[in-house]
Amino acid sequence: MISKLPNVTTSIFTVMSKMASDYNALNLSQGFPNFKSDSYLIELVNKAMAEGYNQYAPMSGYLELRETICNKTKLLHSKKYNSDTEITITAGATQAIFTAIATVINKDDEAIIFTPAYDCYSPAIELFGGITIPVQLKAPFYKPNWEEVEDKITHKTKLIIVNTPHNPSGIVFSEDDMLYLQFLAGKYNLIVISDEVYEHIIFDGLIHYSAAKFSELASRSFIIGSFGKTFHNTGWKIGYCLAPENLMNEFKKIHQYNVFSVNTPIQKALAEYLETAAHYLSLSSFYQQKRDVFLELIKDSKFKIIPSKGTYFQMLDFSDISNESDFVFAKRLTKDYKIATIPTSGFNENQEDFKQIRVCFAKTEETLISAAKIINTI
Ligand code: PMP
Ligand code: GLN
């Protein structure tokens with residue numbers, strides 16, 4: 001059989017997590033919390049199951065959850081999506097992104113992505129015959145250059161994918177960035193996928209500029225969220241996609257035959273849990289405290305650090321420590337220092353190596369202290 005994705009190998013998150021377990025290393029690589037989520041949320045899921053919410057949910061999602069997300073989006077971004085026609089609950093953000101890409105991309109279409117990029121964009125683009133056009137963000141600030149984006153737009157460009165707050169760099173798009181995106185998308189008639197899975201993890205008083213906040217941008221965007229990320233349950237694989245009705249209609253045609261519908265009891269529980277805005281509004285300060293504790297603990301290390309502005313990832317620049325490649329360095333840290341991290345060159349065009357590794361600080365204070373002790377000896 002001829003492979004459809006000949007260049008795809010096992011994801012670096014899986015590789016490094018396995019290495020962490022093989023070498024009994026502290027795992028700050030793959031992005032997942034090592035603490036429990038709110039017991040009240042778990043109780044709500046148990047209650048939903050006990051009460052019999054165990055059969056198929058509607059194809060586009062449990063109605064009350066769709067309504068709650070639409071109300072939350074209105075509250076936070078002043079944009080009202082229609083809960084019947086403009087939202088679908090998905091099996092995590094990965095499936096939402098895949099389905100959105102499948103909806104948009106035809107053979108030979110070009111899709112612009114910013115690199116370093118989360119790993120699921122490019123394979124999906126290629127699977128549907130598209131061509132990924134990377135725009136490289138440069139360390140250490142990873143600031144988008146919109147003129148470069150415009151230079152890469154051709155008559156074949158159909159889609160642009162953005163991710164804010166950004167994995168792995170921890171940068172956040174400004175209002176001006178989103179306005180530029182809106183301008184270019186309008187000028188060249190592009191569809192946008194706005195990956196906003198870290199929408200509630202943003203620091204130092206910065207604002208999350210969702211694509212939903214900009215009406216012309218929203219009218220051509222799929223906006224993607226993830227409750228696994230938001231509520232510390234990455235294993236639940238539940239998320240959502242918001243888009244105007246014309247786009248969502250096409251999205252649903254694919255979702256219907258790929259997934260049909262997402263597990264019911266968690267949807268029922270999330271609908272109730274999201275009614276209390278504090279459950280998501282408290283997350284930025286919760287994670288900022290973790291970031292601050294961690295950065296204070298490693299402030300005298302030999303790594304160069306620019307504090308993350310969002311997500312639960314921090315980049316560590318090791319150029320003063322070693323001139324090894326980031327892969328060799330990260331593997332050596334796992335084996336010799338018993339700490340697993342993510343080398344980031346694999347997320348870049350041509351594997352450009354900025355000598356930066358990514359660590360996940362969604363960890364208990366105890367783990368952060370143990371990690372810092374190791375990091376300070378490197
Ligand atoms: N986008 C980004 C930027 C991510 O970091 C992740 C990983 N959580 C995803 C999408 C996928 O999210 P999910 O686990 O809900 O599929
Ligand atoms: N989003 C997680 C990360 O960036 C990984 C999810 C996965 O393993 N696919 O680390």
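Rule-based calculations on the coordinates, nothing more; no lab input. Just so you know, these numbers come straight off a predicted model, no measurement behind them. Positions of Cβ are generated from backbone atoms using ideal geometry, with glycine treated the same way; all protein chains shown enter the neighbour counts.
This model, with +1 at the C-beta of Lys and Arg and -1 at the C-beta of Asp and Glu, gives the stretch 204-292 a dipole about its Cα centre of some 260 debye. Residues THR103, THR344, ranked from the fewest to the most other C-beta atoms within 10 Å, line up as THR103, THR344. Taking a threshold of 21 Å on the Cα-Cα distance, which of the pairs LYS187/LYS213; LYS79/LYS152; LYS36/LYS229; LYS158/LYS252; LYS18/LYS302; LYS187/LYS309 fall above it? Beyond 21 Å between Cα atoms: LYS79/LYS152; LYS18/LYS302; LYS187/LYS309.
Please give the residues of the stretch 38-62, grouped as numeric ranges, whose backbone N is less than 19 Å from a label point set 7 Å along the Cα-to-Cβ vector of ALA278. The answer is 38-44.
Close amide H contacts of THR115 (hydrogens built in the peptide plane, cut-off under 5 Å, sequence separation of 5 or more or a different chain): VAL135, GLN136, LEU137.
Neighbour counting of Cβ atoms within 10 Å sorts the residues GLU110, GLU199, fewest neighbours leading, into GLU110, GLU199. Rounded to whole numbers, the Karplus 3J(HN,Hα) couplings from phi for the stretch 139-145 are 5, x, 9, 6, 7, x, 10 Hz, using 6.51 cos²θ - 1.76 cosθ + 1.60 with θ = phi - 60°, and x at Gly and Pro.
Among ALA243, ALA102, ALA139, the largest mean-square fluctuation in a Gaussian network model of the chain (Cα springs under 10 Å) belongs to ALA139.
Which one, ILE357, ILE113, ILE254, has the greatest fluctuation when you compute a Gaussian network model over the chain with C-alpha springs under 10 angstrom? It is ILE254. Projecting the Cα positions of PHE214, TRP236, HIS279 onto the charge dipole of the chain (unit charges on Cβ atoms of Lys, Arg, Asp and Glu, taken about the Cα centre) puts TRP236 furthest along the positive direction.
Largest first and in whole Å, the equivalent-ellipsoid semi-axes of the chain read 31, 26, 20, each the square root of five times a Cα gyration tensor eigenvalue. Only Lys, Arg, Asp and Glu carry charge here, each on its Cβ (+1 for the first two, -1 for the last two); on that basis the chain has a dipole of about 560 debye about its Cα centre.
In the stretch 223-317, a dipole from Cβ-located charges (positive for Lys and Arg, negative for Asp and Glu) runs towards its positive end, and of TYR257, ALA269, ILE223 it is TYR257 whose Cα lies farthest in that direction.
Here the Gaussian network model covers the chain, with springs between Cα atoms less than 10 Å apart; of ALA330, ALA96, ALA50, ALA50 fluctuates the most.
Over all projection directions, the Cα-based convex hull of the stretch 200-280 averages an area of 6.5 nm².
The magnitude of the dipole of the stretch 35-104, with charges of +1 and -1 set on the Cβ of Lys/Arg and Asp/Glu and taken from the Cα centre, is near 240 debye. For THR90, the residues whose amide H sits under 5 Å from its own are GLY239, TYR240, CYS241, ignoring neighbours fewer than 5 places away on the same chain, with H placed 1.01 Å from N. Annotation: the residues MET59, MET19, MET248, MET1, sorted from fewest to most other C-beta atoms within 10 Å of their own C-beta, follow the order MET1, MET59, MET19, MET248.
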